[in-house]
Amino acid sequence: ENKDVMKELGVIQRVARFIPCSSQALVNSTLRLLFNLSFDEGARDQMIRCGLVPRLVELLKTPPLRSRTLKLLYHLSVDDRCKEIFYQSDGISILMMMIIKFPQDHLTKELAALAVNLSLSEKNAEAMVSNRGLNHLMDRLFNTRDPLLFKIVRNISQWTQSLQEVMAMNDLEYKYRGLWSPHIKGLVQVLHDTDDHETLVEAFGIMGNLSPEDLPHNQSWSKLLTNGDLLTLVSRMLVPGLCQNDILLEVILM
């Protein structure tokens, strides 16, 4: 009831002017209030309409405020308008730097979740792979085996697959040929030497999104299946009862 009255009284528009302001304590309190309100779809709409997203992106540069800002941006990022504004406000470069330079092996859930949502946008996915972005993500991925980072990369692979389908329909050349080729060997290695459920789901999902255009020039799927010993792996996965259904589905799709 209080939340609904706050929306009617325009509380969001009234407190938005404190993002940012000279008092960090006030900014922090405002972020807490906005986060509580952001569980409501109508409240999120008001936040986007009053121009909060670009200001929140700027707040990501302030470490003490970063955690609450990420949580609020995550809620807002379910809206496609937020994804577009994030791209326009140069937020992707900030987000990529936060992911690549993250000090622990596993990303925090709010950082990864925001990146997962944003990578569902074609423009954002394209921005993520620019300036060797995919190489940086894959280097971190192979070093940390972070299941949440796998989800981000899988969304990017879904974008390149969709892009190839569109290009083929319009008889256009796919300009990202070779984007994935340096990382195929590492992905195959992950499939062979991990038994982590979430990692297997995402890694098989990524492989299932790749096409012959994504393989190295001297490589083909038939060679990859044989030389990468993928046929043996797939045969083992298809044994009834050996793996759970969500892994089995990704194996079949690949």
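From the list [x] 30, 24, 15; [y] 39, 19, 17; [z] 63, 23, 16, can you say which value of semi-axes √(5λ) of the Cα gyration tensor in Å was derived from the structure given? It is the one labelled [y]. Put a dot 7 Å past each Cα toward the Cβ at Asp193 and Glu165; how far apart are the dots in nm? Placing both labels 7 Å along Cα→Cβ, they lie 3.4 nm apart.
For region 1-26, backbone nitrogen atoms closer than 16 Å to the point 7 Å from Lys61 Cα along Cα-to-C-beta are found at 19-22.
FRET efficiency for Arg49 and Ser235, Cβ-Cβ distance as r, R0 = 41 Å, nearest 0.05? Approximately 0.15, to the nearest 0.05.
Could you give the length gained on full extension between Glu84 and Gln24, defined as 0.36 nm per residue of separation minus the Cα-Cα distance, in nm?
Details: separation 60, 0.36 × 60 = 21.60 nm, distance 2.77 nm.
The span from Glu84 to Gln24 would gain 18.8 nm if fully extended.
Take the Cβ atoms of Arg177 and Leu9, set R0 to 35 Å, and the FRET efficiency comes out at 0.05.
At a Förster distance of 41 Å, what's the computed FRET efficiency of Asn36 paired with Glu122, Cβ-Cβ distance as r, to 0.05? Write down the numbers at each step before the final one.
Details: r = 32 Å, r/R0 = 0.78.
Using R0 = 41 Å, I get an efficiency of 0.80.
Structure note, pairs Lys61/Lys109; Lys123/Lys185; Lys101/Lys223; Lys71/Lys185; Lys7/Lys109: Cα-Cα distances above 25 angstrom occur for Lys123/Lys185; Lys101/Lys223; Lys71/Lys185; Lys7/Lys109. Of interest is the spacing of the C-alpha centroids, which for region 181-224 and region 19-36 amounts to 44 Å.
As a check on your grasp of the helix formula, calculate [θ] at 222 nm for the chain: sum -39500 (n - 2.57) over DSSP H runs of n ≥ 4, divide by the residue count, round to the nearest 500. Could the numbers behind the result be given before it?
Numbers: 17 runs with 176 residues, N = 254.
For the chain, the value works out to -20500 deg cm²/dmol.
The charge dipole of the chain, taken about the Cα centre with unit charges on the Cβ atoms of Lys, Arg (+1) and Asp, Glu (-1), comes to about 980 debye, rounded to the nearest 20. Descending by average beta-carbon neighbour count within 10 Å, the peptides 104-116, 208-220, 149-161 line up as 149-161, 104-116, 208-220, the highest first. Spread over its residues, the convex hull of the C-alpha atoms of region 142-254 is 105 Å³ per residue. Packing around the peptides 28-35, 69-76, taken as the average count of other Cβ atoms within 10 Å per residue, puts them in this order, highest first: 69-76, 28-35.
First check a/c for region 210-254, with a ≥ b ≥ c the square roots of the eigenvalues of its C-alpha gyration tensor; if it is under 1.5, answer rounded, and if not, answer prolate when a/b is larger than b/c or oblate otherwise. Write down the numbers at each step before the final one.
Working: a/c = 4.58, a/b = 1.94, b/c = 2.36.
The shape class here is oblate.
Here, each number is a calculation from the coordinates, and none is a lab measurement. Treat the numbers as computed from the prediction; the structure is a model and nothing was measured. Here Cβ is always computed from backbone atoms with ideal geometry, including for glycine, and neighbour counts include all displayed protein chains.
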